[in-house]
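Take a look at the structure below.
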Amino acid sequence: MNGVYEKSLRLGIWTVNVSDEGCSIAERRKVKVLQPNQVYLHLNTKCNHAGLYRSIFCLKDANDQVVNSVCLLQYCTDKEQVEFDVKAHGNRKHGNQPYFPAPKSNKK
């Protein structure tokens with residue numbers, strides 16, 4: 001698996017109205033922001049071979065800057081329990097021990 005999400009499910013940009021009461025969808029596409037309380041909701045959802053879904057959501061303003069430097073990363077599955085093997089990577093490509101970051105002294 002190792003972070004490979006080969007199947008794109010939803011990619012899009014929606015124009016959203018934001019207020020103290022909540023959010024409402026102005027358009028399910030990117031249109032020019034006409035009001036200061038409008039932002040763009042960027043959606044990116046993908047799925048891997050094990051049935052694990054990854055969604056990334058962020059709000060961007062009219063200048064294409066992420067609002068409050070915050071994005072939402074969500075993982076979910078439609079199955080009750082999923083089992084998969086994580087392949088060795090990094091400095092543990094061989095052997096049974098899991099990957100651990102190399103100490104800083106080894107990187108110098």
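With 25 Å as the limit on Cα-Cα distance, the pairs of Lys7/Lys30; Lys46/Lys79; Lys30/Lys79 that go past it are Lys30/Lys79.
Quote to one decimal, in nm, the extra length available between Ala102 and Asn17 on full extension: 0.36 nm per residue of separation minus the C-alpha distance between them. Could you put the intermediate results ahead of the total?
On the way: separation 85, 0.36 × 85 = 30.60 nm, distance 4.58 nm.
Gain on stretching Ala102 to Asn17: 26.0 nm.
Here, each number is a calculation from the coordinates, and none is a lab measurement. If you're wondering where the values come from, they're calculated on a predicted model, not measured in any experiment.
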